[in-house]
1. Pick from segment 129-157 the residues that are more than 13 Å from Val238 (Cα to Cα) and among the aliphatic types (A, V, I, L, M): which of them is nearest to the chain's Cα centre (by Cα)?
2. Looking only at segment 176-183, decide whether some residue is over 19 Å from Arg232 (Cβ atoms) and at pLDDT 95 or above.
3. Restricting to segment 46-66, name every residue that is hydroxyl-bearing (Ser, Thr, Tyr) and farther than 17 Å from Ser202 by Cβ.
4. When you scan segment 92-119, how many residues do you find that are outside any loop (DSSP other than H, G, I, E, B), within 30 Å of Thr353 (Cα to Cα) and not β-branched (Val, Ile, Thr)?
5. Only one of these conditions is not met by Asp275: (1) closer than 18 Å to Leu199 by Cβ; (2) over 21 Å from the mean Cα position of the chain (by Cα). Which number is it?
6. From the residues in segment 44-81 that are in contact (Cβ under 8 Å) with a residue 60 or more places away in the chain and surrounded by fewer than 19 Cβ atoms within 10 Å (Cβ to Cβ), which one is farthest from Gln369 (Cα to Cα)?
7. For segment 264-311, how many residues are crowded, with 21+ Cβ neighbours inside 10 Å and acidic (Asp, Glu)?
8. Give segment 38-72 a look and list any residue that's over 18 Å from the mean Cα position of the chain (by Cα), over 13 Å from Leu167 (Cα atoms) and part of a loop (DSSP other than H, G, I, E, B), or say none.
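The values are calculated or read from the model by the stated rules, or taken from the named source; none is laboratory data. Everything quoted here is computed from the prediction, not taken from an experiment. Methodologically, a virtual Cβ is constructed for each residue, glycine included, from the backbone with ideal geometry; neighbour enumeration extends over all protein chains shown.
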Amino acid sequence: MRWKLARLLSLCWILVAGCGPCEAPVAAPGVEYLGQAHLAPSTVFAGTTVGGLSGISYDSQRDCYYVISDDRSASGPARFYTVRLSVSDRGIDAVAIMAVHPLLDEHGRQFEPRSFDSSPPVVPPDPEGIAFDSGRQRLYWSSEGERRTDGPRGPVLADPWVRIAGLDGSYLGRLTTPPQLAMSAQRTGPRRNKTLEGLTLSPDGRSLFAAMEGPGYDDGALPDQARGALTRITAYRVDPGADSAAPVAQYAYPLEPATAPAETNGLTDLVALSDTAFLVIERAFSVRPTVRLFRAEIGDATDVLGVPALAGAAVTPMVKTLVADLSTTPGLEPLDNIEGITLGPKLPDGRQTLVLVSDDNFSPRQLTQFVVFAMSAR
């Protein structure tokens, strides 16, 4: 591993580790690993700890990335960062944190830290996904909500959501949540921490897709080492200037079984290649995570928006093919908890880059890493 010291500028260039492959990059099916860079552990920017990075979206006009933290207003307000990466066919040479913006509620206020014992309970969002809308110059972001059935004052329930924010974090609206995502104190609806994990906007900016990490109670058991599972991807039609939208379709996505020693597997993010094709990250987290990249197509998949339970239902899921197993990609070491994916800039040779980010869970034993691949022509 070769370490690099990023330049220190007034915008706070951060110490990174430029970790290109030890040998010439080796092609995986459909992608070529170029390299990675790390943030220094416990990096602090503008009074916030930079960590928990769980979603990323590229702004090609400004050549920057919007990266959301899953901090539930504990180490700082719920927020996203503006990040600049120096991406080339050599990998990533430097990472710069340019700005941080708190995500604001409908009253223009920052979200307060969690307090289940308060009356009423204070339930901040659990931010996970982020998608930049270049045509409207705004962001979509998702929260996994909350489901606690043993609260001292009774159940604490907060539905997952997708909200619209300005580039300064201001509240601009929210999308309608499909009925399958309504939290319940009973064993129905979404599981805790298995809801809206991934967001992506189609290249034409007309469709938004929101993906659940894992199945709800009505959709079957979580994936384990013996079997996979079905989760849901919801499609929205995004109209120009609208501050809301309702779901127009929903599709079943087939998750792989978990790989030992991990106990389960989930969808952590996706990026749209068209309005029907996606690259999807699945991650089974353990001592060393298993991270796989799939190409998924809607194809002839059943619209399950009106299907309350996938368990036992005769539905046709989306079709997917393995693009790369990052856990076995030569030269890709280390590999941490990859949770975000976006299309980055094109290289001089015309190839499209793919940029991934890991969630360090604010743990000193984990890494915040940015990983870059070059995609083959699609």
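1. Ile130
2. Pass one, segment 176-183, residues over 19 Å from Arg232 (Cβ atoms): none.
No, the conditions are met nowhere in segment 176-183.
3. Within segment 46-66, the first condition is being hydroxyl-bearing (Ser, Thr, Tyr), and the residues that meet it are 48-49, 54, 57-58, 60, 65-66.
Listed by number, the residues that qualify are Thr48, Thr49, Ser54, Tyr65, Tyr66.
4. Step one: of segment 92-119, the residues outside any loop (DSSP other than H, G, I, E, B) are 92-102, 104, 110, 115.
The next check asks that each one be within 30 Å of Thr353 (Cα to Cα); those that pass are 92-102.
Subsequent filtering for residues that are not β-branched (Val, Ile, Thr) retains 93-94, 96, 98-99, 101-102.
So the count comes out to 7.
5. All conditions pass for Asp275, except number (2).
6. Of segment 44-81, the ones in contact (Cβ under 8 Å) with a residue 60 or more places away in the chain are 49-61, 63, 65-68, 70-71, 75, 79-80.
Restricting the remaining residues to those that are surrounded by fewer than 19 Cβ atoms within 10 Å (Cβ to Cβ) gives 49, 59-61, 63, 75.
Values: Thr49: 15, Asp59: 19, Ser60: 21, Gln61: 24, Asp63: 19, Ser75: 19 Å.
In this case the residue turns out to be Gln61.
7. Looking only at that region, the number is 2.
8. Ala40, Pro41, Ser42, Thr43, Ala46, Gly47, Ser60, Gln61, Asp63
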